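Notes follow the structure.
The values are calculated or read from the model by the stated rules, or taken from the named source; none is laboratory data. This one's a predicted model, so the numbers in the text were calculated from it and none came from an experiment. Cβ sites come from the backbone with ideal geometry, for glycine too, and all protein chains shown count toward neighbours.
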Amino acid sequence: MIFIVYVVGALLALVYLVIVYLLVQRAIRYRWSWYVNGRIQKFEPLLFNLLDTPTALGPLTHGLRPFDRAIIERLLLKQANELAGEDRDNMTQALEEAGYVDEMVGKLRSRRWWRRLEAASKLGVMKSRKGIPALLKACEDPVEGVRLAAAVSLAEMHDTSVLGYLFEAMEDASHWTPERVADVVWTFAMPQSRDVPEEIKASVRAEVRSQIVRTTDSKARQLYIRTARRLEDVEALDILCEMIGHSDVGTRVQAASALGGIPDPRSADKLIAALGDQERVVRAEAARSLGILQDPRAIESLAQCLRDPSREVRYNAAWAVNCMGPAGEDVILAAAQDGDSLVRNTAAQILAEKRLGVDSQRV
Amino acid sequence: MATILVAEDEPHIFRMIDFKLRSLGHRVIGVADGREAVKAVSVDRPNLILLDVMMPMMDGFEVLRVLKADEATKDIPVIMLTAKSQERDIVTGLESGAADYVVKPFSFPELIARVNTVLEEKL
(Lines give C-alpha, C1' and ligand atoms only; values in the text may rest on other atoms or scores of the structure.)
Protein backbone atom coordinates (compact mmCIF):
# COMPACT_ATOMS: atom_id res chain seq x y z
CA MET A 1 0.00 0.00 0.00
CA ILE A 2 2.77 2.41 0.96
CA PHE A 3 4.60 1.38 -2.20
CA ILE A 4 1.60 2.35 -4.33
CA VAL A 5 1.43 5.73 -2.60
CA TYR A 6 5.12 6.32 -3.34
CA VAL A 7 4.67 5.37 -7.01
CA VAL A 8 1.64 7.62 -7.43
CA GLY A 9 3.48 10.42 -5.68
CA ALA A 10 6.49 10.03 -7.92
CA LEU A 11 4.31 10.05 -11.04
CA LEU A 12 2.50 13.19 -9.91
CA ALA A 13 5.82 14.87 -9.18
CA LEU A 14 7.03 13.90 -12.66
CA VAL A 15 3.90 15.32 -14.30
CA TYR A 16 4.32 18.49 -12.27
CA LEU A 17 7.95 18.85 -13.36
CA VAL A 18 7.05 18.29 -17.02
CA ILE A 19 4.34 20.97 -16.85
CA VAL A 20 6.72 23.42 -15.16
CA TYR A 21 9.37 22.63 -17.76
CA LEU A 22 6.97 23.26 -20.67
CA LEU A 23 5.73 26.53 -19.16
CA VAL A 24 9.26 27.78 -18.51
CA GLN A 25 10.36 26.78 -22.01
CA ARG A 26 7.37 28.61 -23.51
CA ALA A 27 8.10 31.72 -21.45
CA ILE A 28 11.76 31.68 -22.50
CA ARG A 29 10.82 31.26 -26.17
CA TYR A 30 8.33 34.11 -25.98
CA ARG A 31 10.82 36.40 -24.27
CA TRP A 32 13.55 35.46 -26.74
CA SER A 33 11.27 36.06 -29.70
CA TRP A 34 10.31 39.48 -28.27
CA TYR A 35 14.01 40.32 -27.79
CA VAL A 36 14.99 39.21 -31.32
CA ASN A 37 12.12 41.16 -32.90
CA GLY A 38 13.27 44.23 -31.01
CA ARG A 39 16.82 43.84 -32.34
CA ILE A 40 15.51 43.25 -35.88
CA GLN A 41 13.53 46.50 -35.68
CA LYS A 42 16.69 48.28 -34.57
CA PHE A 43 18.95 46.84 -37.29
CA GLU A 44 16.63 46.70 -40.28
CA PRO A 45 16.75 50.43 -41.20
CA LEU A 46 20.55 50.28 -40.94
CA LEU A 47 20.56 47.32 -43.35
CA PHE A 48 18.33 49.20 -45.77
CA ASN A 49 20.93 51.99 -45.79
CA LEU A 50 23.48 49.47 -47.05
CA LEU A 51 21.59 49.29 -50.33
CA ASP A 52 23.09 52.65 -51.29
CA THR A 53 26.22 52.58 -49.12
CA PRO A 54 27.46 49.04 -48.49
CA THR A 55 30.35 50.30 -46.40
CA ALA A 56 28.15 52.17 -43.89
CA LEU A 57 28.49 49.35 -41.44
CA GLY A 58 29.46 51.29 -38.29
CA PRO A 59 26.49 50.52 -36.02
CA LEU A 60 26.31 46.99 -37.43
CA THR A 61 29.79 46.06 -36.26
CA HIS A 62 30.29 48.08 -33.05
CA GLY A 63 28.58 48.08 -29.70
CA LEU A 64 26.83 44.83 -30.40
CA ARG A 65 25.19 42.71 -27.75
CA PRO A 66 25.58 38.93 -27.58
CA PHE A 67 23.73 37.18 -30.44
CA ASP A 68 23.49 40.47 -32.42
CA ARG A 69 26.00 39.26 -35.01
CA ALA A 70 23.92 36.15 -35.69
CA ILE A 71 20.77 38.28 -36.06
CA ILE A 72 22.50 40.74 -38.41
CA GLU A 73 23.93 37.89 -40.47
CA ARG A 74 20.47 36.35 -40.82
CA LEU A 75 19.00 39.69 -41.91
CA LEU A 76 21.80 40.34 -44.39
CA LEU A 77 21.40 36.91 -45.98
CA LYS A 78 17.61 37.31 -46.18
CA GLN A 79 18.01 40.72 -47.76
CA ALA A 80 20.64 39.43 -50.19
CA ASN A 81 18.30 36.66 -51.31
CA GLU A 82 15.57 39.16 -52.10
CA LEU A 83 17.72 41.42 -54.26
CA ALA A 84 19.37 41.33 -57.67
CA GLY A 85 21.88 43.34 -59.67
CA GLU A 86 23.81 46.17 -58.04
CA ASP A 87 21.86 45.88 -54.77
CA ARG A 88 22.83 42.22 -54.56
CA ASP A 89 26.49 43.08 -55.11
CA ASN A 90 26.23 45.71 -52.35
CA MET A 91 24.96 43.05 -49.95
CA THR A 92 27.92 40.83 -50.86
CA GLN A 93 30.29 43.72 -50.22
CA ALA A 94 28.64 44.42 -46.85
CA LEU A 95 28.96 40.75 -45.86
CA GLU A 96 32.65 40.84 -46.76
CA GLU A 97 33.32 44.11 -44.94
CA ALA A 98 31.53 42.95 -41.80
CA GLY A 99 33.64 39.79 -41.72
CA TYR A 100 30.84 37.25 -42.24
CA VAL A 101 32.48 35.76 -45.33
CA ASP A 102 35.76 35.21 -43.48
CA GLU A 103 33.81 33.67 -40.61
CA MET A 104 32.17 31.15 -42.93
CA VAL A 105 35.47 30.37 -44.66
CA GLY A 106 36.89 29.61 -41.22
CA LYS A 107 33.89 27.43 -40.37
CA LEU A 108 34.61 25.28 -43.42
CA ARG A 109 37.58 23.99 -41.41
CA SER A 110 35.41 23.03 -38.44
CA ARG A 111 35.58 19.48 -37.10
CA ARG A 112 31.79 19.36 -36.93
CA TRP A 113 30.32 18.41 -40.30
CA TRP A 114 27.04 20.30 -39.69
CA ARG A 115 28.99 23.54 -39.21
CA ARG A 116 30.90 22.90 -42.44
CA LEU A 117 27.56 22.20 -44.19
CA GLU A 118 26.08 25.43 -42.84
CA ALA A 119 29.15 27.39 -43.91
CA ALA A 120 29.16 25.89 -47.42
CA SER A 121 25.46 26.75 -47.88
CA LYS A 122 25.78 30.29 -46.53
CA LEU A 123 28.79 31.08 -48.74
CA GLY A 124 26.55 30.36 -51.74
CA VAL A 125 24.04 32.94 -50.54
CA MET A 126 26.81 35.44 -49.80
CA LYS A 127 28.12 34.99 -53.37
CA SER A 128 31.54 36.29 -52.41
CA ARG A 129 34.40 35.23 -54.66
CA LYS A 130 36.62 35.22 -51.55
CA GLY A 131 34.91 31.98 -50.60
CA ILE A 132 35.69 30.15 -53.84
CA PRO A 133 39.06 28.58 -52.89
CA ALA A 134 37.61 27.24 -49.62
CA LEU A 135 34.52 25.93 -51.38
CA LEU A 136 36.62 24.14 -53.98
CA LYS A 137 38.49 22.46 -51.15
CA ALA A 138 35.15 21.58 -49.52
CA CYS A 139 34.27 19.64 -52.70
CA GLU A 140 36.68 17.02 -51.33
CA ASP A 141 35.07 16.93 -47.87
CA PRO A 142 34.60 13.43 -46.41
CA VAL A 143 30.86 14.14 -45.94
CA GLU A 144 28.80 14.08 -49.15
CA GLY A 145 26.29 16.67 -47.90
CA VAL A 146 29.10 19.19 -47.41
CA ARG A 147 30.57 18.41 -50.85
CA LEU A 148 27.18 18.90 -52.51
CA ALA A 149 26.47 22.11 -50.59
CA ALA A 150 29.86 23.46 -51.69
CA ALA A 151 29.16 22.46 -55.30
CA VAL A 152 25.73 24.11 -55.24
CA SER A 153 27.26 27.28 -53.81
CA LEU A 154 29.89 27.34 -56.54
CA ALA A 155 27.18 26.77 -59.15
CA GLU A 156 25.22 29.71 -57.73
CA MET A 157 28.35 31.82 -58.14
CA HIS A 158 28.70 30.57 -61.73
CA ASP A 159 32.20 29.36 -60.98
CA THR A 160 33.01 26.85 -63.70
CA SER A 161 36.05 25.45 -61.86
CA VAL A 162 33.68 23.10 -60.00
CA LEU A 163 32.48 21.42 -63.19
CA GLY A 164 35.51 19.13 -63.33
CA TYR A 165 34.62 17.79 -59.85
CA LEU A 166 31.00 17.37 -60.79
CA PHE A 167 31.59 15.40 -63.95
CA GLU A 168 34.02 13.12 -62.13
CA ALA A 169 31.49 12.72 -59.33
CA MET A 170 28.74 11.62 -61.69
CA GLU A 171 30.80 8.51 -62.41
CA ASP A 172 31.88 7.90 -58.83
CA ALA A 173 28.90 6.23 -57.15
CA SER A 174 31.12 5.06 -54.29
CA HIS A 175 31.56 8.61 -52.94
CA TRP A 176 28.68 10.53 -54.46
CA THR A 177 25.00 10.09 -55.18
CA PRO A 178 25.17 10.70 -58.95
CA GLU A 179 21.53 11.85 -59.21
CA ARG A 180 22.19 14.63 -56.70
CA VAL A 181 25.31 15.66 -58.60
CA ALA A 182 23.27 15.78 -61.82
CA ASP A 183 20.87 18.16 -60.04
CA VAL A 184 23.80 20.47 -59.28
CA VAL A 185 24.96 20.38 -62.92
CA TRP A 186 21.42 21.30 -63.93
CA THR A 187 21.47 24.20 -61.41
CA PHE A 188 24.48 25.55 -63.27
CA ALA A 189 22.79 25.82 -66.61
CA MET A 190 19.03 25.57 -66.12
CA PRO A 191 17.31 27.16 -69.08
CA GLN A 192 15.02 29.46 -67.07
CA SER A 193 17.87 31.03 -65.09
CA ARG A 194 18.37 34.69 -65.94
CA ASP A 195 21.53 35.06 -63.83
CA VAL A 196 23.74 32.56 -65.60
CA PRO A 197 25.54 33.96 -68.67
CA GLU A 198 24.60 32.20 -71.90
CA GLU A 199 28.21 31.21 -72.61
CA ILE A 200 28.40 29.28 -69.32
CA LYS A 201 25.12 27.49 -70.09
CA ALA A 202 26.41 26.64 -73.57
CA SER A 203 29.70 25.30 -72.23
CA VAL A 204 27.91 23.10 -69.66
CA ARG A 205 25.60 21.70 -72.34
CA ALA A 206 28.59 21.03 -74.59
CA GLU A 207 30.40 19.23 -71.77
CA VAL A 208 27.33 17.09 -71.01
CA ARG A 209 27.06 16.13 -74.69
CA SER A 210 30.71 15.24 -74.77
CA GLN A 211 30.37 13.09 -71.64
CA ILE A 212 27.43 11.16 -73.15
CA VAL A 213 29.72 9.95 -75.90
CA ARG A 214 32.88 9.61 -73.83
CA THR A 215 31.71 7.70 -70.77
CA THR A 216 31.78 3.93 -70.58
CA ASP A 217 29.64 3.84 -67.39
CA SER A 218 26.07 3.08 -68.49
CA LYS A 219 24.43 4.63 -65.38
CA ALA A 220 26.46 7.80 -65.82
CA ARG A 221 25.55 7.93 -69.52
CA GLN A 222 21.86 7.66 -68.68
CA LEU A 223 22.26 10.50 -66.18
CA TYR A 224 24.06 12.67 -68.71
CA ILE A 225 21.27 12.08 -71.23
CA ARG A 226 18.65 12.91 -68.61
CA THR A 227 20.59 16.07 -67.76
CA ALA A 228 20.75 17.03 -71.45
CA ARG A 229 16.96 16.66 -71.58
CA ARG A 230 16.50 18.83 -68.47
CA LEU A 231 18.82 21.43 -69.96
CA GLU A 232 16.62 21.41 -73.11
CA ASP A 233 19.71 20.89 -75.24
CA VAL A 234 18.50 20.76 -78.84
CA GLU A 235 22.09 20.49 -80.07
CA ALA A 236 22.17 16.99 -78.56
CA LEU A 237 19.88 15.73 -81.33
CA ASP A 238 22.59 13.94 -83.32
CA ILE A 239 24.00 12.25 -80.23
CA LEU A 240 20.54 11.20 -79.03
CA CYS A 241 19.70 9.76 -82.45
CA GLU A 242 22.80 7.64 -82.06
CA MET A 243 22.07 6.71 -78.43
CA ILE A 244 18.58 5.46 -79.19
CA GLY A 245 20.31 2.59 -81.02
CA HIS A 246 22.74 1.83 -78.17
CA SER A 247 23.17 -1.71 -76.90
CA ASP A 248 22.32 -0.63 -73.32
CA VAL A 249 18.56 -0.64 -72.65
CA GLY A 250 18.68 2.17 -70.08
CA THR A 251 20.53 4.39 -72.54
CA ARG A 252 17.90 3.73 -75.23
CA VAL A 253 15.10 4.58 -72.77
CA GLN A 254 16.69 7.86 -71.74
CA ALA A 255 17.46 8.77 -75.35
CA ALA A 256 13.83 8.07 -76.32
CA SER A 257 12.67 10.28 -73.46
CA ALA A 258 15.08 13.08 -74.38
CA LEU A 259 14.11 13.05 -78.07
CA GLY A 260 10.57 13.91 -76.99
CA GLY A 261 11.90 17.32 -75.99
CA ILE A 262 13.44 18.12 -79.38
CA PRO A 263 10.74 18.98 -81.92
CA ASP A 264 12.61 17.94 -85.05
CA PRO A 265 11.52 15.54 -87.82
CA ARG A 266 14.60 13.40 -87.13
CA SER A 267 13.47 12.92 -83.52
CA ALA A 268 10.13 11.60 -84.70
CA ASP A 269 11.80 9.33 -87.28
CA LYS A 270 14.04 7.74 -84.67
CA LEU A 271 11.20 7.39 -82.20
CA ILE A 272 8.95 5.75 -84.77
CA ALA A 273 11.74 3.27 -85.46
CA ALA A 274 12.12 2.71 -81.68
CA LEU A 275 8.48 1.58 -81.53
CA GLY A 276 9.85 -1.69 -82.87
CA ASP A 277 12.48 -2.09 -80.13
CA GLN A 278 12.63 -5.51 -78.53
CA GLU A 279 12.41 -3.98 -75.02
CA ARG A 280 8.94 -2.87 -73.88
CA VAL A 281 10.32 0.00 -71.77
CA VAL A 282 11.97 1.51 -74.85
CA ARG A 283 8.78 1.11 -76.94
CA ALA A 284 6.70 2.66 -74.13
CA GLU A 285 9.00 5.67 -73.78
CA ALA A 286 9.19 6.16 -77.55
CA ALA A 287 5.39 6.16 -77.73
CA ARG A 288 5.15 8.70 -74.93
CA SER A 289 7.71 10.98 -76.60
CA LEU A 290 5.84 10.80 -79.90
CA GLY A 291 2.75 11.99 -78.05
CA ILE A 292 4.70 14.99 -76.76
CA LEU A 293 6.06 15.77 -80.24
CA GLN A 294 2.58 15.38 -81.78
CA ASP A 295 4.02 14.38 -85.15
CA PRO A 296 1.07 13.03 -87.18
CA ARG A 297 3.42 10.83 -89.22
CA ALA A 298 3.58 8.56 -86.17
CA ILE A 299 -0.17 7.82 -86.04
CA GLU A 300 -0.02 4.66 -88.14
CA SER A 301 2.90 3.14 -86.20
CA LEU A 302 1.30 4.09 -82.88
CA ALA A 303 -1.99 2.55 -83.95
CA GLN A 304 -0.15 -0.75 -84.47
CA CYS A 305 1.24 -0.43 -80.94
CA LEU A 306 -2.30 -0.58 -79.60
CA ARG A 307 -1.93 -4.35 -80.09
CA ASP A 308 1.41 -4.54 -78.26
CA PRO A 309 1.68 -7.35 -75.70
CA SER A 310 2.75 -4.79 -73.03
CA ARG A 311 -0.01 -2.87 -71.26
CA GLU A 312 2.30 0.11 -70.73
CA VAL A 313 3.12 0.34 -74.45
CA ARG A 314 -0.56 0.04 -75.42
CA TYR A 315 -1.53 2.78 -72.97
CA ASN A 316 1.28 5.18 -74.00
CA ALA A 317 0.53 4.59 -77.69
CA ALA A 318 -3.19 5.30 -77.15
CA TRP A 319 -2.38 8.44 -75.18
CA ALA A 320 0.05 9.57 -77.92
CA VAL A 321 -2.46 8.94 -80.71
CA ASN A 322 -5.04 10.92 -78.78
CA CYS A 323 -2.63 13.89 -78.74
CA MET A 324 -2.50 14.00 -82.53
CA GLY A 325 -5.64 16.03 -83.11
CA PRO A 326 -8.77 14.95 -85.05
CA ALA A 327 -6.94 12.24 -87.05
CA GLY A 328 -5.68 10.66 -83.83
CA GLU A 329 -9.05 10.95 -82.12
CA ASP A 330 -10.65 9.08 -85.03
CA VAL A 331 -8.15 6.25 -84.54
CA ILE A 332 -8.98 6.05 -80.83
CA LEU A 333 -12.71 6.06 -81.49
CA ALA A 334 -12.26 3.25 -84.00
CA ALA A 335 -10.06 1.35 -81.51
CA ALA A 336 -12.85 1.62 -78.93
CA GLN A 337 -14.93 -0.60 -81.27
CA ASP A 338 -12.10 -3.05 -82.08
CA GLY A 339 -12.65 -6.80 -81.92
CA ASP A 340 -9.65 -7.23 -79.61
CA SER A 341 -10.68 -6.54 -75.99
CA LEU A 342 -7.18 -5.31 -75.01
CA VAL A 343 -7.33 -2.66 -77.74
CA ARG A 344 -10.92 -1.72 -76.85
CA ASN A 345 -10.13 -1.42 -73.13
CA THR A 346 -7.05 0.74 -73.71
CA ALA A 347 -8.95 3.08 -76.03
CA ALA A 348 -11.85 3.23 -73.55
CA GLN A 349 -9.46 4.17 -70.74
CA ILE A 350 -8.00 7.06 -72.73
CA LEU A 351 -11.46 8.29 -73.71
CA ALA A 352 -12.61 8.13 -70.08
CA GLU A 353 -9.57 10.06 -68.89
CA LYS A 354 -10.19 12.67 -71.56
CA ARG A 355 -13.80 13.09 -70.38
CA LEU A 356 -12.61 13.50 -66.80
CA GLY A 357 -9.90 15.98 -67.81
CA VAL A 358 -7.09 13.70 -66.57
CA ASP A 359 -3.73 13.82 -68.37
CA SER A 360 -1.46 11.26 -66.75
CA GLN A 361 1.51 11.77 -69.09
CA ARG A 362 2.00 15.52 -68.83
CA VAL A 363 4.58 16.64 -66.26
CA MET B 1 5.44 63.03 -54.63
CA ALA B 2 2.90 60.28 -55.29
CA THR B 3 0.76 57.95 -53.23
CA ILE B 4 1.78 54.37 -53.92
CA LEU B 5 -0.10 51.31 -52.69
CA VAL B 6 2.22 48.34 -52.09
CA ALA B 7 0.44 45.00 -51.90
CA GLU B 8 3.08 42.53 -50.67
CA ASP B 9 2.60 39.74 -48.15
CA GLU B 10 6.30 39.16 -47.38
CA PRO B 11 6.97 41.64 -44.52
CA HIS B 12 10.71 42.15 -45.12
CA ILE B 13 10.26 42.85 -48.83
CA PHE B 14 7.44 45.27 -48.04
CA ARG B 15 9.57 47.13 -45.47
CA MET B 16 12.43 47.44 -47.96
CA ILE B 17 10.16 48.84 -50.67
CA ASP B 18 8.47 51.12 -48.14
CA PHE B 19 11.86 52.43 -46.94
CA LYS B 20 13.06 53.13 -50.48
CA LEU B 21 9.87 54.81 -51.72
CA ARG B 22 9.59 56.99 -48.62
CA SER B 23 13.23 58.06 -49.04
CA LEU B 24 12.23 59.33 -52.49
CA GLY B 25 9.40 61.36 -50.98
CA HIS B 26 6.45 59.15 -51.88
CA ARG B 27 3.59 58.32 -49.56
CA VAL B 28 3.26 54.57 -49.13
CA ILE B 29 0.19 52.55 -48.18
CA GLY B 30 0.92 48.93 -47.33
CA VAL B 31 -1.39 45.91 -47.45
CA ALA B 32 -0.60 42.22 -47.07
CA ASP B 33 -3.40 40.50 -48.97
CA GLY B 34 -5.57 40.93 -52.04
CA ARG B 35 -8.81 41.82 -50.27
CA GLU B 36 -7.13 44.58 -48.27
CA ALA B 37 -5.61 45.84 -51.53
CA VAL B 38 -9.02 46.24 -53.17
CA LYS B 39 -10.41 47.98 -50.08
CA ALA B 40 -7.41 50.31 -49.80
CA VAL B 41 -7.60 51.32 -53.47
CA SER B 42 -11.26 52.29 -53.17
CA VAL B 43 -10.56 54.35 -50.02
CA ASP B 44 -7.23 56.03 -50.82
CA ARG B 45 -7.12 56.19 -54.66
CA PRO B 46 -3.33 55.82 -55.00
CA ASN B 47 -1.42 57.16 -58.00
CA LEU B 48 0.23 53.78 -58.56
CA ILE B 49 -0.12 50.20 -57.30
CA LEU B 50 2.77 47.77 -56.79
CA LEU B 51 1.00 44.43 -56.77
CA ASP B 52 2.52 41.09 -55.78
CA VAL B 53 1.13 38.12 -57.68
CA MET B 54 1.20 35.49 -54.91
CA MET B 55 -0.85 36.81 -52.01
CA PRO B 56 -3.31 35.23 -49.60
CA MET B 57 -7.11 35.77 -49.78
CA MET B 58 -6.99 37.04 -53.37
CA ASP B 59 -4.03 36.78 -55.73
CA GLY B 60 -2.63 39.67 -57.75
CA PHE B 61 -4.41 38.71 -60.98
CA GLU B 62 -7.77 38.61 -59.28
CA VAL B 63 -7.12 42.01 -57.70
CA LEU B 64 -6.11 43.39 -61.10
CA ARG B 65 -9.27 42.04 -62.71
CA VAL B 66 -11.43 43.61 -59.99
CA LEU B 67 -9.67 46.97 -60.29
CA LYS B 68 -9.88 47.05 -64.09
CA ALA B 69 -13.57 46.17 -63.99
CA ASP B 70 -14.35 49.18 -61.79
CA GLU B 71 -14.73 52.54 -63.60
CA ALA B 72 -13.35 54.38 -60.59
CA THR B 73 -10.10 52.38 -60.37
CA LYS B 74 -9.43 51.07 -63.88
CA ASP B 75 -7.10 53.95 -64.78
CA ILE B 76 -4.78 53.51 -61.80
CA PRO B 77 -1.55 52.05 -63.22
CA VAL B 78 -0.40 48.74 -61.78
CA ILE B 79 3.10 47.26 -61.70
CA MET B 80 3.11 43.51 -61.02
CA LEU B 81 5.75 41.92 -58.77
CA THR B 82 6.28 38.36 -59.88
CA ALA B 83 8.71 35.62 -58.85
CA LYS B 84 11.22 34.24 -61.35
CA SER B 85 9.58 30.85 -61.60
CA GLN B 86 6.33 32.49 -62.66
CA GLU B 87 7.56 34.47 -65.64
CA ARG B 88 4.69 33.09 -67.72
CA ASP B 89 2.48 35.16 -65.40
CA ILE B 90 4.06 38.29 -66.87
CA VAL B 91 2.09 37.76 -70.07
CA THR B 92 -1.10 37.14 -68.09
CA GLY B 93 -0.55 40.31 -66.08
CA LEU B 94 0.16 42.50 -69.09
CA GLU B 95 -2.84 41.10 -70.95
CA SER B 96 -5.00 41.80 -67.88
CA GLY B 97 -4.04 45.45 -67.95
CA ALA B 98 -0.88 45.81 -65.87
CA ALA B 99 1.28 48.75 -66.94
CA ASP B 100 4.57 46.97 -66.24
CA TYR B 101 6.15 44.15 -64.25
CA VAL B 102 9.19 43.52 -62.06
CA VAL B 103 10.62 40.05 -61.53
CA LYS B 104 11.77 39.06 -58.04
CA PRO B 105 14.48 39.13 -56.88
CA PHE B 106 14.69 42.68 -58.16
CA SER B 107 17.11 45.58 -57.93
CA PHE B 108 15.89 48.89 -56.63
CA PRO B 109 17.32 51.00 -59.45
CA GLU B 110 15.19 48.95 -61.86
CA LEU B 111 12.09 49.13 -59.64
CA ILE B 112 12.41 52.87 -59.10
CA ALA B 113 13.00 53.47 -62.83
CA ARG B 114 9.82 51.57 -63.69
CA VAL B 115 7.85 53.40 -60.99
CA ASN B 116 9.05 56.77 -62.30
CA THR B 117 8.29 55.86 -65.90
CA VAL B 118 4.76 54.76 -65.08
CA LEU B 119 4.11 57.83 -62.91
CA GLU B 120 5.40 60.15 -65.64
CA GLU B 121 3.21 58.48 -68.25
CA LYS B 122 0.21 58.90 -65.98
CA LEU B 123 0.90 62.61 -65.54
Check A:Pro54 against each of (1) in a helix (DSSP H, G or I); (2) closer than 16 Å to A:Gly99 by Cβ and name the one condition it does not meet. (1)
Wholly within the range B:45-123, strands (runs of 3 or more DSSP E) carrying at least 2 residues that are β-branched (Val, Ile, Thr), surrounded by fewer than 14 Cβ atoms within 10 Å (Cβ to Cβ) and more than 14 Å from chain A (Cβ to nearest Cβ): none
Residues that are at pLDDT below 90 and not hydrophobic (A, V, I, L, M, F, W, C), drawn from the range B:46-59: B:Pro56, B:Asp59
Can you tell which of A:Leu76, A:Leu47, A:Leu108, A:Leu57 is away from every other protein chain (no Cβ under 14 Å), in contact with a helix residue (DSSP H, G or I) (Cβ under 8 Å, 6 or more places away or on another chain) and within 25 Å of B:Ile112 (Cβ to Cβ)? A:Leu57
Any chance you could count how many residues in the range A:234-257 are outside any helix (DSSP H, G or I) and under 18 Å from A:Leu290 (Cα atoms)? 2
Here are some conditions: (1) part of a helix (DSSP H, G or I); (2) away from every other protein chain (no Cβ under 14 Å). B:Ile17 meets all but one. Which one does it not meet? (2)
The condition of being within 34 Å of the chain's Cα centre (by Cα) and among the aliphatic types (A, V, I, L, M) holds, among A:Leu77, A:Leu64, only for A:Leu77
Residue, farthest from A:Ala169 (Cα to Cα), within the range A:213-251, restricted to residues that are over 19 Å from the mean Cα position of the chain (by Cα) and hydroxyl-bearing (Ser, Thr, Tyr): A:Ser247
Report, ordered by the first and then the second residue, all pairs with beta carbons closer than 6 Å, sequence separation of six or more or different chains, a first member in the range A:54-82 that is hydrophobic (A, V, I, L, M, F, W, C), and a second member that is outside any helix (DSSP H, G or I). A:Leu57/A:Ala98
Checking the structure you have, find out if any residue of the range A:53-71 is closer than 30 Å to A:Ala134 by Cβ and of a type in the set (Lys, Arg). yes
